[in-house]
2 protein chains.
Amino acid sequence: MNVLRIALGQVNPTVGDLAGNARLIRQAAADAAAGQADLLILPEMVLTGYPVEDLSLRPSFQQASRLAMSALARDLADDGFGDLACLVGYLDHSDDDGADAVGRPRGGPVNSAALVHRGAVVARYDKHFLPNYGVFDEARYFVPGEAPLVFEMNGQRVCVAICEDLWRQGGPVQWAREFDADLLAVLNASPYERMKDDRRLELCVEQAQASGSAVAYTNMTGGQDELVFDGDSLVVDAAGQLLQRACQFDSQILFADLTATSVTPSSRDDVPVSLPASLPVSLPASNTSARERQPLTPTNTPRLDDSAELYAALRLGLADYVNKNGFTSVLLGLSGGIDSAFVGALAVDALGADRVFGVAMPSRYSSTHSVQDAHDLAERTGLTLREVPIGPMFDAFQSSLHLTGLAEENLQARIRGMVLMSLSNAEGHLVLATGNKSELSVGYSTIYGDAVGGFAPIKDVPKTLVWDLARWRNEQAGSAGSAGPIPPRSITKEPSAELGPDQKDSDSLPDYHDLDSVLEAYVDEDTGASELVSAGFDAALVERIVRLTDGAEYKRRQYPPGTKIGVRAFGRDRRLPITNRWRERPDSNS
Amino acid sequence: MNVLRIALGQVNPTVGDLAGNARLIRQAAADAAAGQADLLILPEMVLTGYPVEDLSLRPSFQQASRLAMSALARDLADDGFGDLACLVGYLDHSDDDGADAVGRPRGGPVNSAALVHRGAVVARYDKHFLPNYGVFDEARYFVPGEAPLVFEMNGQRVCVAICEDLWRQGGPVQWAREFDADLLAVLNASPYERMKDDRRLELCVEQAQASGSAVAYTNMTGGQDELVFDGDSLVVDAAGQLLQRACQFDSQILFADLTATSVTPSSRDDVPVSLPASLPVSLPASNTSARERQPLTPTNTPRLDDSAELYAALRLGLADYVNKNGFTSVLLGLSGGIDSAFVGALAVDALGADRVFGVAMPSRYSSTHSVQDAHDLAERTGLTLREVPIGPMFDAFQSSLHLTGLAEENLQARIRGMVLMSLSNAEGHLVLATGNKSELSVGYSTIYGDAVGGFAPIKDVPKTLVWDLARWRNEQAGSAGSAGPIPPRSITKEPSAELGPDQKDSDSLPDYHDLDSVLEAYVDEDTGASELVSAGFDAALVERIVRLTDGAEYKRRQYPPGTKIGVRAFGRDRRLPITNRWRERPDSNS
C-alpha cells in the first residue's frame, strides 16, 4: 500500500519580506523532512505574504518574487531537502499572450503555487477562481489560471488548488475528479471571521466527497493590516473523515499519512473525460518506505470557544501589526472606561507589560474614579502609567478660542490626542486608538481626538462584545487563580466620555444593546431601514441610527486600521461613498 | 431621408439623490424636447449618481433605484415628453437565476440603461464589460449583462453601450456591426484624468469606423469624492467625422442630427450573422418631420488648454464636494506659502470669496512675510482672514511635555490643526487640507497637523505643478487686466514649513523638480528602483525617495479625500498595504 506522508506548513509570513518568508519556508521544510514527509504544502502566496494589493501589479515585484522562488528552490536542495516536494504559494507573471473569449488578455500577474523538487520549480499552478467580494479584490490583482496541475508521487495523484478554488464548483474540484486524484492540496490565505472555522471543515468534507480525494487545507496564520489569518489547517480523507487539525492563531507543522484510495467521487458517473494514462509531472517515490517511518498519532487540536477565538484574533492582529511594522512599544490613553481598559489588557497580553505605556489625562470633567481605575489597570497588568492633566493646555486654547458646546468637548479629546502623538514622536511608541465598532458606526468619537493612532485594535468589536470579552478575560484569569487584568469598575460603570459635566453616553446614544442590534442588521447584513422596521425594530430608533451611521462615513475614512473579526468590517469590507445623499428611511421602500 | 435628432444630456447628478437626479433628468428632457429631439441620451447611472460603491449591493437601494426609474418614466410622460425616447442610466437587479460557464450566478446588481418611452421602461440594457482596474471596482459591484439592446426609431437602428463597453472589442461594438446599427449610443461616467479627452475622441472615431455606426458619447459632469467627471460629450458620424462636441466641466445639452447611413463597417465581411428582419423594440417615428425642425449649427466647443483643464477639474472637484455635502463655507490655514495661497485662490474661484475663511497662525518661527503674504492673499481675493498666534498654546503644551526636535515641530503643526478643527466645530466650516502630492508621497506633513481636513483639493497635484498652475492663474488674471489672486512672493519664495529656525524644505527633501520627476515614474508609472536608475536617475536619490514614499503609507491612509487629476492618485488608484517590508532598491532586481 502506497503511503504519501504530507506536511502542512502553517506559518506566519510578512507581506513583502521575500527573504524572511523564504527563511520561514526553509525552516518548515526542515521540520517536514525531520518528520519524514514526502510533500510539504505551504499557504497561498506565502513567499510574498498576502494580500500584497497593488504590489502584484508592479513588474519589479513580480520579477523579484519569481527570482526569490527560483533561489528558494535551489536553497531547499542545498539545505538537503531536495527530495521533499514542496508546494509554495507566490506571485508570478503569466506570459501567455493569448486572450480569452471576451478579449481579455491571459497574460498578467498570477497567484501561483510552485511545485518545487530537487532544486527547481518543476511545475506551476495559477489560481483559477479569483474572489472579488468582501475584503478580496483579486480580479484587480491577478489574471485567472485555466490549466490544472495534477502530479504523481508515491503512486498517488495530487491535484493543486488555491483558496477560492475550493469554495466553487468546477476548476480544481472537478479536475481532481476527472484525473482521479487521491489528494486535493489546497493552499490558503483565508482570513479569520467569526464562525468561519465551522464552515471551513464542512466545506473540506463536502469537496472531499465531491472530488473523491482527500483534502489537505493549509492556511497561513498571522496579522496583516486589517486581516488576521487563523491557521486552522486540516486534513480530511476522501470519505470526508477528519484526520488531522492544527491549532488556531499560531504556527504549526501538521502531518498526515494518506493511502491511495479507491473511493468513488459522489457522482463519478457524470465525469465525461477519459483519464490520462500518465501525468506530465511524476515525481520519484520518496526514499523512506512506509514501514521505516515513525507512525503518526492523530492531532485534532480542540477548537477555541467563541470568546477565546475572538480574543486570540484581536491579540494576534495587534501583536503582528506592532511587530511587523517594527515598533517596540505602544501608547494609549487610559480613561478608566471599558474600551481603553480592555485595549490596555489586550496589549499587555499581545506584547508584554514592558512594551505598553498608558497615559491618564484628567480634565475638570473627569470623575475621581477615572484616574483611580487607570491606576488599578496598571497595577493589575504591569503596564507603565503616567498622568498628564490637560487643564493648562485647555485653558491656553480657550483664552484664544472661547469655545462652547461640542467644540469645547472636542477640544478636550483633541488635546489628549495631541499629548499622545507628542509622546509617540518623542519616545517612538505606536499610538493605539481605543474606539469600538458601535462608536465608529455612529460617529461617537472626535476626529483627531480619541480617534488618533496607528492602529485601532477593537474597531470591529461592538461595545456589547467589548464588555463580554472583558468579562471573559477576567473569568479566564479567575479560573487560573489570578486576579483579572481589567478593573471590575471599568466593566460595570456607566459609559461616559467625560467631556462635559455629568455626561453619559446615554445622553447622546441609544442603549448599547439596542444600538448593537440595529447596527448588526444595518452594517453587517446590509438590511434596509424598512426591512428593519418590518423585523420589529422601532422606526424612530432605526431612523436615528441609520442617519448617524451614514453621516459618519467621513470620520471612518480617516480612522486607523484595525483587526477585522466580523462579517463586514468598515473599510475593506464595507465601502461607501462620503458624498452620498441616499438616506434609508423606514418608509422609503413602502 | 430619415433624420434622427438626438440630444446628449451632459448633467451633474449626485450619488444617492434619486429625487434630485430625477429632477435633473426631467429638465434635460424638457430641453431636449424644446430642441425637437427624438432621443435623449443621458449618462451612465445618472439616476443614482456614480460610483455608488457598495450601495449597489444593498437590496433596499436596488429596489429604490428601480422604483425611481419607473416613476421617472411616468413623470416624463406626465410632463408631456412621452414621445421623446430617453436612455437613462440607473442601478437595477438582474433576476436571472442561471449561471455562466464557470458557475458564477448571472443574477445580481446590474449597471443598466433604461429605454423610456411613453411612460414606461420599454427595454433595459445591462453593461457588458465591467472595468476593474484603476479607480474602478465594477466586478465587485455588478454582474455583467450578456444581451444586446438594439432598437429602431425613425427608421434608424440604435445599439446601446455603457462606458467600458466602448473601450473593448466584442460586446456592443460588435453587436452594432452585426445588427447594422446606425448609431451606437454610449452612456458614460468617465472620470477626468490628464490627457484623457484626447484619447476619448480618438476612441470614438475608431469605434465608429469599427462598427459602421455613428457614436454618441454622453458623459456626466461634476465631482464625486475623489473623482471629477469632465463632460466632453461628443458625436461622431459613421465615417468618424466629429459632428458636435460639448463643453468640459459644466452641464450642457448637445444636439445632433443623424441620417441613416449606408457606411460599411471597416471589416463588415467578417461578421458572420444574418441581420434580423425586425428588432424586438421599434419605436414609432417622431411627430416632428425633419423639414419642420430648426436646423442645427455644429457645436464644437474648443478644448481647454492643459492648465485651464487642470484648474477647472480642481475647481469643480472642490465646489461639488463642498456643495453636495451641504457645507456653506470652507476654512483653511494660510501660511503665506504657495500651497495654501493656491488653495485659497482656488476656493474663492470655486465658491466665491464670501464662503472662504482663512486663518494665519504665526509662531516664533514664522517669517515676517508669512503673515504679510496671507493678508496680501486676502486682499487680492476678498476671502476673510483672521489671526490666531499659537504661542500661548505651544507654551502650555511645552510646560507639560518639554518636546524637542521633530516632536516640537509636529506640535506646532498639530496646534494649528486643532485651531482649524475648533473653528470648524464652532462655526460650521469644512476644513481644507492644503498638502500637495509631492509632500503626501514622501510623508512631508504632520498627521493630525497640517493634514487635518474634510477635503484636500490639491492632494493629487505635484508641487511643481502647483507652481505652474499658480503662475497660470495669475497670468489669466493679467490677460483680463486684473491683478492675480496669488501673491507673487508666495510663488517665488523658497518653500519652508517654518517649524524651526530658518528651516527650508530643501533641508529635508530633494529639489522639487528632481523629486517630482522620480515620483512621476515611481508612483504614477509603477517603475521599479533599478529601472529608475537604468533610466538615468541618481541611485542615492531614487533610494531615498522610494524609502520615504513607502514609509508614508500609514499617513496617506488617514489623509482626507481630494480630487484625482493624474493617472494614479493615492487611495482609489494606488492601493498598497501598510505592513509591507518590500523595499525597492536600485540593485534589487539586478
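The values are calculated or read from the model by the stated rules, or taken from the named source; none is laboratory data. Small disclaimer: the values here were computed from a predicted structure and weren't measured. Note: ideal-geometry Cβ built from the backbone for every residue, glycine included; neighbour counts use all protein chains shown. Side chains included, ligands, DNA and RNA excluded: accessible areas come from the protein's heavy atoms. Shrake-Rupley method; radii C 1.70, N 1.55, O 1.52, S 1.80 Å.
Below is a table of values for the structure above.
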item: Binned Cα-Cα distances of the stretch A:406-477, short to long, each 5 Å bin given as a whole percent; result: 4, 16, 21, 20, 17, 14, 8, 2, 0
item: Pairs beyond 21 Å (Cα-Cα), from A:K324/A:K564; B:K324/B:K564; A:K437/A:K564; A:K324/B:K463; result: A:K324/B:K463
item: 0 to 90° range, to nearest 10: angle between helix A:306-324 axis and chain A longest Cα axis; result: 90 degrees
item: Candidate aspartates and glutamates - alpha carbon under 12 Å from B:K459, same-chain residues fewer than 8 apart omitted; result: B:E226, B:D339, B:E439
item: Overall dimensions of the protein assembly as shown as given by Cα atoms, namely Rg and Dmax in Å; result: 31.3, 98
item: Trypsin sites (Lys or Arg not before Pro) restricted to DSSP loop in the stretch A:379-440 with at most 15 other C-beta within 10 Å; result: none
item: Buried area at the B-A interface (accessible, heavy atoms, 1.4 Å probe, summed, Å²); result: 7000 Å²
item: Apportionment of accessible area to carbon and sulfur, the stretch B:50-176, percent (1.4 Å); result: 50 percent
item: Charge-dipole axis of the stretch B:132-208 as Lys and Arg at +1 and Asp and Glu at -1 on Cβ define it, positive-most pick from B:Y192, B:C204, B:V150; result: B:Y192
item: Ratio Rg/Rh, restricted to the stretch A:545-586 and using Cα atoms, in which Rh is the Kirkwood radius; result: 0.97
item: Cα pair distances of the stretch A:1-149 binned at 5 Å [whole percent]; result: 2, 10, 19, 22, 19, 13, 8, 4, 2, 0
item: Folded to 0 to 90 degrees: helix B:463-479 orientation relative to chain B principal axis, Cα; result: 80 degrees
item: Length-normalised contact order for chain B - Cα pairs under 8 Å, 6+ apart - percent; result: 11 percent
item: For the stretch A:439-586: relative contact order, % (alpha-carbon pairs under 8 angstrom, 6 or more apart); result: 37 percent
item: Against the rule of thumb 2.2 N^0.38 Å, how large the Cα Rg of the stretch B:364-420 comes out; result: 1.33
item: Distance cut-off 17 Å, percentage of C-alpha pairs in the stretch B:6-94 lying past it; result: 42 percent
item: Label geometry 7 Å along the beta-carbon vector: B:E525 inter-copy distances in nm; result: 5.3
item: Crossing angle, helix B:338-351 versus chain B [Cα axis fit, 0-90 degrees, rounded to tens]; result: 40 degrees
item: Cα-based shape type of the stretch A:523-568, given that a ≥ b ≥ c are square roots of the gyration tensor eigenvalues and the cut on a/c is 1.5; result: oblate
item: Complex-versus-alone comparison for the stretch A:515-557, residues with a loss of 20 Å² or more in accessible area, probe 1.4 Å; result: A:D526, A:R557
item: Cα-based equivalent ellipsoid, chain A: semi-axes from gyration tensor eigenvalues, Å; result: 48, 26, 22
item: B:D511 versus B:S534: modelled label distance in nm, points set 7 Å from Cα along the beta carbon direction; result: 2.6 nm
item: Inter-centroid distance (Cα atoms) of the stretch B:377-427 relative to the stretch A:471-495, Å; result: 42 Å
item: Solvent-accessible area lost in complex, 10 Å² minimum, residues of the stretch A:212-235 relative to chain alone, 1.4 Å; result: A:Q224, A:D225, A:E226
item: Positions from the stretch A:566-584 whose accessible area shrinks by 20 Å² or more when the full protein complex is built, not the chain alone, probe 1.4 Å; result: A:R575, A:L576, A:P577, A:I578, A:T579, A:N580, A:R581, A:W582, A:E584
item: Residue range of chain A that is longest and free of GluC sites (Glu not before Pro) which are both DSSP loop and sparsely packed (at most 15 other C-beta within 10 Å); result: A:147-524
item: 7 Å along Cα→Cβ, label-point gaps from B:K504 to other copies, nm, shortest first; result: 6.1
item: Copy-to-copy label separations for B:A120, where each label sits 7 Å from Cα toward Cβ, in nm and ascending; result: 6.8
item: Projected area, mean over directions - the stretch B:82-156, Cα convex hull, nm²; result: 6.4 nm²
item: Theoretical gain in end-to-end length, B:D97 to B:D587 [0.36 nm per residue, Cα-Cα removed]; result: 171.0 nm
item: Accessible area (Å², per residue) of chain B, counting only protein heavy atoms and a probe of 1.4 Å; result: 34 Å²
item: MRE, 222 nm, helices only [DSSP H, n ≥ 4, -39500 (n - 2.57), over the protein assembly as shown, to nearest 500]; result: -11000 deg cm²/dmol
item: Inter-centroid distance (Cα atoms) of the stretch A:69-144 relative to the stretch B:105-132, Å; result: 37 Å
item: Mean shadow area of the stretch A:115-261, taken as a quarter of the surface of its Cα convex hull (nm²); result: 9.1 nm²
item: Surrounding net charge for B:G171, when Lys and Arg each add one and Asp and Glu each subtract one, Cβ distance under 10 Å; result: -1
